[in-house]
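Written below as structure tokens is the structure these notes are about.
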Amino acid sequence: MYQHVSIILQEWYAVNKRDLPWRHTKDPYLIWVSEIILQQTRVAQGLDYYNRFVGRFPNIRSLAEAEQVEVLKYWQGLGYYSRARNLHETAIDICRRWNGIFPERYDDILALKGIGEYTAAAIASLAWNLPYPVVDGNVYRVLGRLFTIETPIDTGKGKKEYRELATLLMPPEQAGLHNQAMMEFGALQCIPQTPDCETCPLSGSCFGYASGNPQQYPVKQNKTKIRNRYLHYFIILHGTDTFIRRRSEKDIWEGLYEFPLLYFGFFCGERFFLYLCSAILLNVMTKVLENLRYAKTHEWVEFLTDTTARIGISDFAQKALGDLVFINLPEEGDSVTAGSTFGDVESVKAVSDVISPVTGEVTAVNQFVIENPELVNENPYEYWFIEVSEITAETELMTASEYEEFCLKEAH
């Protein structure tokens, strides 16, 4: 019976197989890439990604010499990014240990990072026709139904039983062809739901079909546990920039970029999330305020280093002036002097000089603020006015708490 099954599968495959690029090569590298892509991706979706990936990385050495961030970029959209990282790291390993030549021995292939028994068998049999059976989800389904195997596939005993049966079915001299036929048959004919048993060439030998309920096979002992994760993202804008971070955690999407987030085991709801945002922003603003110093003329200064600072108008001054209409600022390269005017602000209520709290050279001017003065009213800490370097002197400056007391006295 075993030889009979393989012959039928090969005959079916010759007529029904899909024309796929990795089936026209014996290059173990290209077969490896295709198998890794197809681990968690359907052929129809993975085909374009395969062509694009091998177009950029046509061999092991080109993949090994690339930066990982570029490899991840070419993998973008496929998901399960650990597959791409493993491909890259393994290519480097092959170049180091085998001088860029893919190892031919099954045990050596199996020892490579990111390659398990199924992938090792696929590479070994398809590239060199070595007699190692592939056993994946498609093969489990075909064998489970064909022989009505009651042993669960997610047990050690079940995996051993299926592998032994797959070995018996495979003609050693045609290992690669048999494995291709078996996988394709499971993907196209013996599908998970509503298989077309009436047209199946193996229906006369299939115990599952004879039982009247082939879909109960293969048997699985435990259902996959689904865990809900709630990711709450912050979209932080600064002028025309957006803040993103690179994930460094040993978790999903490692090494990829994302908005900053908070993770909970529950959905926190809009009100709680807004409260949380307020608490976080208050903490951030408190830290910003602690770093600021204020002049009695109502300018703030944030010292980036001992000799570099950013300068703007305080929140108190902006509220007193009202909506801004125009800001006149110095140009890069100009000098400013502590206690002297360096610009002026025109608002709906008044025109006011802006006095520098420090002496130094202007090294940066925020043109965005000049072009959009109305935005300064929304958040005085988000849009900086000027940056001064080579600071040699400063006026008498107050801390945030001291400045608050000073403003209260002025208001009264």
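The values are calculated or read from the model by the stated rules, or taken from the named source; none is laboratory data. This structure is a prediction, so every number in the text was calculated from the model and none was measured. With ideal geometry, Cβ positions are generated from the backbone for all residues, glycine too; neighbour counts draw on all protein chains shown.
So for the stretch 89-98 (the condition being in a helix (DSSP H, G or I), small (Gly, Ala, Ser), within 23 Å of Tyr118 (Cα to Cα) and in contact (Cβ under 8 Å) with a residue 40 or more places away in the chain), does at least one residue qualify? No: zero hits.
Evaluated against (1) small (Gly, Ala, Ser); (2) closer than 19 Å to Gln216 by Cβ; (3) part of a loop (DSSP other than H, G, I, E, B), Gly114 falls short on exactly one condition, (2).
Collect the residues in the stretch 145-168 that are β-branched (Val, Ile, Thr) and farther than 19 Å from Ser203 by Cα, keeping them in residue-number order.
Thr151, Ile153, Thr155, Thr167 - these are the residues of the stretch 145-168 that are β-branched (Val, Ile, Thr) and farther than 19 Å from Ser203 by Cα.
Exactly one residue out of Arg52, Arg23, Arg61 is in contact with a Gly (Cβ under 9 Å, 6 or more places away or on another chain) and among the charged types (D, E, K, R), and it is Arg61. Of everything listed in (1) more than 20 Å from Asp136 (Cα to Cα); (2) not in a helix (DSSP H, G or I), the single unmet condition for Arg18 is (1). Comparison of Glu387, Glu361, Glu404 shows that the only residue that is surrounded by 11 or more Cβ atoms within 10 Å (Cβ to Cβ), at pLDDT 65 or above, more than 19 Å from Thr341 (Cβ to Cβ) and of a type in the set (Asp, Glu) is Glu404. Exactly one residue among Leu38, Leu110, Leu30 is in contact (Cβ under 8 Å) with a residue 24 or more places away in the chain and among the aliphatic types (A, V, I, L, M), and that residue is Leu30.
Condition check ((1) closer than 20 Å to Gly204 by Cβ; (2) more than 37 Å from the chain's Cα centre (by Cα)) across all residues:
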| residue | (1), (2) |
| --- | --- |
| Leu126 | no, no |
| Leu143 | yes, no |
| Met170 | no, yes |
| Ala181 | yes, no |
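Filtering Val142, Val134 for residues that are assigned by TED's automatic domain parsing to the domain that holds Pro171, of a type in the set (Val, Ile, Thr) and not in a helix (DSSP H, G or I) leaves a single hit, Val134. The helices (runs of 4 or more DSSP H) located wholly in the stretch 25-83 that include 3 or more residues which are surrounded by 18 or more Cβ atoms within 10 Å (Cβ to Cβ), under 22 Å from the mean Cα position of the chain (by Cα) and assigned by TED's automatic domain parsing to the domain that holds Asn138 occupy 28-37, 43-56, 68-75.
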